[in-house]
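The values are calculated or read from the model by the stated rules, or taken from the named source; none is laboratory data. What you are looking at is a predicted structure, and each value in this text was computed from that prediction instead of being measured. Cβ: placed from backbone, ideal geometry, glycine included. Neighbour counts: every protein chain shown. We work out accessible area using only protein heavy atoms, side chains counted, and drop any ligands, DNA or RNA first. Shrake-Rupley method; radii C 1.70, N 1.55, O 1.52, S 1.80 Å.
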Amino acid sequence: MKRREVWGSALIVAAALCTWADLVISEAYGAAARKGLLLYVGIPADSIASWFLIVALLSGAVGLSLLLPALICRITKRAPRRIIGWTIVAAAAAALPCVGLIFIFTALGAFGIGDTVKVTAADGQSVLIKQDGFDGDSVDVYTEHDEFHYKQAKSAPELSGWPRVKDQDCRLESAAYVLQLRCGVRTVTLHPEGGR
């Protein structure tokens with residue numbers, strides 16, 4: 001086996017493992033979302049899953065480009081080798097627009113088409129503010145649920161629009177069973193026990 005084939009095989013295995021990780025993380029994120037929770041590990045888990053899918057797409061493409069020519073060259077007869085080679089080139093050209101679209105939307109997910117801002121109070125309590133990435137008119141605030149999950153506490157249309165939440169100086173103040181989230185001149189009152 002040539003070094004090219006070894007690298008191609010290794011990259012295809014890496015692509016398969018990254019695809020599996022993407023599926024597992026996406027399923028965990030979806031299961032949490034069905035319960036009104038946001039899976040957050042430094043960044044939202046759907047962004048982490050998207051990064052795995054980007055690695056899978058890139059390593060799979062490079063792995064195939066290393067492995068397929070080496071395998072086609074092993075075909076001894078000229079006519080079948082050319083037919084198979086041109087068929088693979090045509091299939092790759094046909095698949096390229098679809099894979100390109102998948103890559104673009106995956107990259108948007110990885111870089112976060114919306115904004116998720118974590119704000120921490122002096123006593124260590126924190127909230128996540130999630131704003132959609134298009135016109136910014138949808139803002140949800142999540143309070144801590146457990147180590148890796150935040151529970152949706154409230155929709156906050158008063159924080160929507162421009163400037164975006166990430167560009168405002170948001171502060172979190174905690175008092176007896178109440179959290180006050182201040183972003184600029186606007187204030188949102190939260191009840192961590194789950195009141196909306």
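Rolling a 1.4 Å probe over the protein heavy atoms gives the stretch 1-120 an accessible area of 63 Å² per residue. Within the chain, the longest run free of GluC sites (Glu not before Pro) that sit in a DSSP loop with at most 13 other Cβ atoms within 10 Å is 1-146.
Each label was represented as a point 7 Å from its Cα along the Cα-to-Cβ direction; for S9 and K118 these points are 4.1 nm apart. I84 exposes around 70 Å² of accessible area when a 1.4 Å probe is run over every protein chain in place. Given a 1.4 Å probe and the protein chains as shown, K166 ends up with an accessible area of around 110 Å².
What lysines sit close enough to K130 to cross-link, taking a C-alpha to C-alpha distance under 28 Å and skipping anything fewer than 8 places away on the same chain? Leaving aside lysines fewer than 8 places away in the same chain, those within reach of K130 are K35, K118, K151, K154, K166. Counting protein heavy atoms only, the stretch 1-65 has 74 percent of its accessible area on carbon and sulfur, 1.4 angstrom probe. Of [x] 0.95; [y] 1.19; [z] 1.59, which is the value of Rg/Rh (Cα atoms, Kirkwood Rh) derived from the coordinates here? It is the value labelled [y].
Residue by residue, the stretch 138-146 carries 3J(HN,Hα) couplings of 10, 10, 10, 10, 10, 9, 4, 10, 8 Hz when phi is fed to the Karplus relation 6.51 cos²θ - 1.76 cosθ + 1.60 (θ = phi - 60°); x denotes Gly or Pro. Converting phi to 3J(HN,Hα) with the Karplus coefficients 6.51, -1.76 and 1.60 and the offset θ = phi - 60°, the stretch 115-129 yields 10, 10, 10, 9, 10, 10, 7, 4, 8, x, 5, 9, 9, 10, 10 Hz in sequence order, with x at every glycine or proline.
Estimated purely from DSSP H runs of n ≥ 4, each contributing -39500 (n - 2.57), the mean residue ellipticity at 222 nm for the chain is -17500 deg cm²/dmol once divided by its residues. Look at where the Cα atoms of the stretch 136-196 and of the stretch 40-103 average out, and the two centres are 43 Å apart. What the phi angles of the stretch 9-17 give under the Karplus curve with 6.51, -1.76 and 1.60, with θ = phi - 60°, is a coupling list of 5, 4, 5, 5, 5, 4, 5, 5, 5 Hz, glycine and proline written as x. Unpaired cysteine residues in the chain (no second Cys Cβ under 4.7 Å): C18, C73, C98.
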